[in-house]
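Here the structure comes first, spelled out in structure tokens, and everything after it is commentary.
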Amino acid sequence: MAAPALLQEPPNFPLVLRCSVRFGWPAAMGLLVAILASPLAAQTQSLQGWPEIDTYLSLNSDVRVSFFVAATRENREGTSAELGPNIDFYFKPLVKLKKITLFDLDPSKSRLLMLRAGYRYMPSTDGPTEHRGLLEITGNYPLVRGVLLSDRNRLDLRFIDGELAWRYRNRLSAERTVSIGSYHFTPYLRAEAYYDGNFHKWSRTAETAGCIFPFRKRYELEPYYEHQNETGTSPNRRVNALGLVFSLYFSVGDR
């Protein structure tokens, strides 16, 4: 049996990221809309809301802990939740990265490499509860015109009904801080591909456009839109989500 068309070719998101670097954000956003509007195979569709709160505590210059709480809302009702801790380790900052992330509250973006280990508890109203361990390694690279490129590689170890499943995820991000007067904010494009160890194939792609708005030196608001194509089951499933992340950044010794 031939593989689905979405799995025969690499996702289009690298093209979107290259477009953002070469031609600027308006052209990249137009390309993203064109990709999302392209015709797909038979599938179901879902519109969801994804509220999220992330709290970070830096223990020292190279280590921090964090706690993550998120929910999925569909048809005005909560369908699932996700919560759990992380611990991050990162290397010394790179001078070029520090220059282009000067106004970022997230110190990990100024580091060439970040390692993360975490756990997620994921209850659901329409399925079994999942316990998930995760391991991540993220590389950050300075590009031309102040663009920051990030490449996150993540391994999910998923325990569902006593069975272990694994999944590999690769996410590329391109962002650039811009200013209006003295205020700075950061629009971004992200794209992610998921490889499912149970199906032995790339089972999902996700494209995201959003913007990070810092305020009061410790807080960020991050509205975004995400489009997903899930091809692990039949019929394929298409998800359109509006998300809002509230991030809080603290350090040991803060008053």
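Brief remarks follow.
- Residue that is surrounded by the fewest Cβ atoms within 10 Å (Cβ to Cβ), among those in region 48-73 that are within 17 Å of P223 (Cα to Cα) and free of Cβ contacts under 8 Å to residues at least 24 places away in the same chain: V69
- Residue list for region 102-125, restricted to those being modelled with pLDDT of 95 or more, among the hydroxyl-bearing types (S, T, Y) and out of contact with any Gly (no Cβ under 8 Å at 6 or more places or on another chain): S108, S110
- Selection status of I137, surrounded by fewer than 18 Cβ atoms within 10 Å (Cβ to Cβ), of a type in the set (V, I, T) and within 15 Å of the chain's Cα centre (by Cα): yes
- Residue within region 79-100 that is without any contact (Cβ under 8 Å) to a residue 24 or more places away in the chain, within 19 Å of the chain's Cα centre (by Cα) and in a strand (DSSP E or B) present: no
- One residue alone among F199, F213 is without any contact (Cβ under 8 Å) to a residue 60 or more places away in the chain, surrounded by fewer than 20 Cβ atoms within 10 Å (Cβ to Cβ), hydrophobic (A, V, I, L, M, F, W, C) and over 29 Å from L143 (Cα atoms), and that residue is F199.
- Of the residues in region 148-161, not one is in a strand (DSSP E or B), in contact (Cβ under 8 Å) with a residue 60 or more places away in the chain, closer than 30 Å to T44 by Cα and not acidic (D, E).
- Scan of region 168-186 for residues that are more than 24 Å from Y90 (Cβ to Cβ) and either assigned to a strand (DSSP E or B) or of a type outside the set (G, A, S) (or both), ordered by number: V178, S179, I180, Y183
- Screening G30 with (1) surrounded by fewer than 14 Cβ atoms within 10 Å (Cβ to Cβ); (2) at pLDDT 95 or above; (3) not acidic (D, E) gives one miss only, at (2).
The values are calculated or read from the model by the stated rules, or taken from the named source; none is laboratory data. Keep in mind it's a predicted model, so treat the numbers as computed, not measured. Virtual Cβ from ideal backbone geometry, glycine too; neighbours counted across all protein chains shown.
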